[in-house]
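Notes follow the structure.
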Amino acid sequence: MARAATSLVASLERSLEALHGLRVPDFEILDHLVTAGKPQVLSELSKQVWLSRSGTRLRVRLLAASGYVTIGEASSPRDGLLVSVTEAGVDAHARALATVADVVAGVV
């Protein structure tokens, strides 16, 4: 079972990178933002995608540089940064989701 999971993640990583320029954590962040349907506080987002806060911050900054998310200030300074998915991010997520489905169908 562990070997199959490792194989699946490796296949996802290769396919997402080659076809969309995304890594698995990038897809997970986009997936969470699209599914949530509203901006997310960075610290809460990191808990949802199982990355450290610094790891999430790095991936979010790279996604912002690609135009897939925007980063703003939360309403409360205590909450820190607020991450929103852009229309380009929604489109990238949809394309990547189709790839994820294809990879999973091929592995399962």
Legend entry - Criterion violated by Ile71 - all others in (1) in a helix (DSSP H, G or I); (2) surrounded by 11 or more Cβ atoms within 10 Å (Cβ to Cβ) satisfied: (1)
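Only one of these is at pLDDT 95 or above and at negative phi: Ala18, Ala4. Name it. If you could, list the steps in order and put the result at the bottom.
Values: Ala4 fails: at pLDDT 95 or above.
Unique residue meeting the criteria: Ala18.
Identify all residues within region 1-21 that are in contact (Cβ under 8 Å) with a residue 12 or more places away in the chain and either among the β-branched types (Val, Ile, Thr) or farther than 16 Å from Val104 by Cβ (or both); write none if there are none.
If the condition is that a residue be in contact (Cβ under 8 Å) with a residue 12 or more places away in the chain and either among the β-branched types (Val, Ile, Thr) or farther than 16 Å from Val104 by Cβ (or both), then Val9, Gly21 are the ones that fit.
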Inset, instruction - Return the total of residues in region 22-71 being over 11 Å from the mean Cα position of the chain (by Cα) and under 11 Å from Val83 (Cα atoms). - result: 12
Inset, instruction - Would you check which residues across region 60-80 are under 16 Å from Ala36 (Cβ atoms) and either touching a Lys or Arg at 6+ places or on another chain (Cβ under 8 Å) or acidic (Asp, Glu) (or both) and list them? - result: Ile71, Asp79
Legend entry - Index of the failed condition, Arg53 passing every other in (1) among the charged types (D, E, K, R); (2) closer than 28 Å to Val104 by Cβ; (3) without any contact (Cβ under 8 Å) to a residue 24 or more places away in the chain: (2)
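The values are calculated or read from the model by the stated rules, or taken from the named source; none is laboratory data. Everything numeric in this text was worked out from a predicted model, so none of it was measured. Positions of Cβ are backbone-derived with ideal geometry, glycine not excepted, and every protein chain shown enters the neighbour counts.
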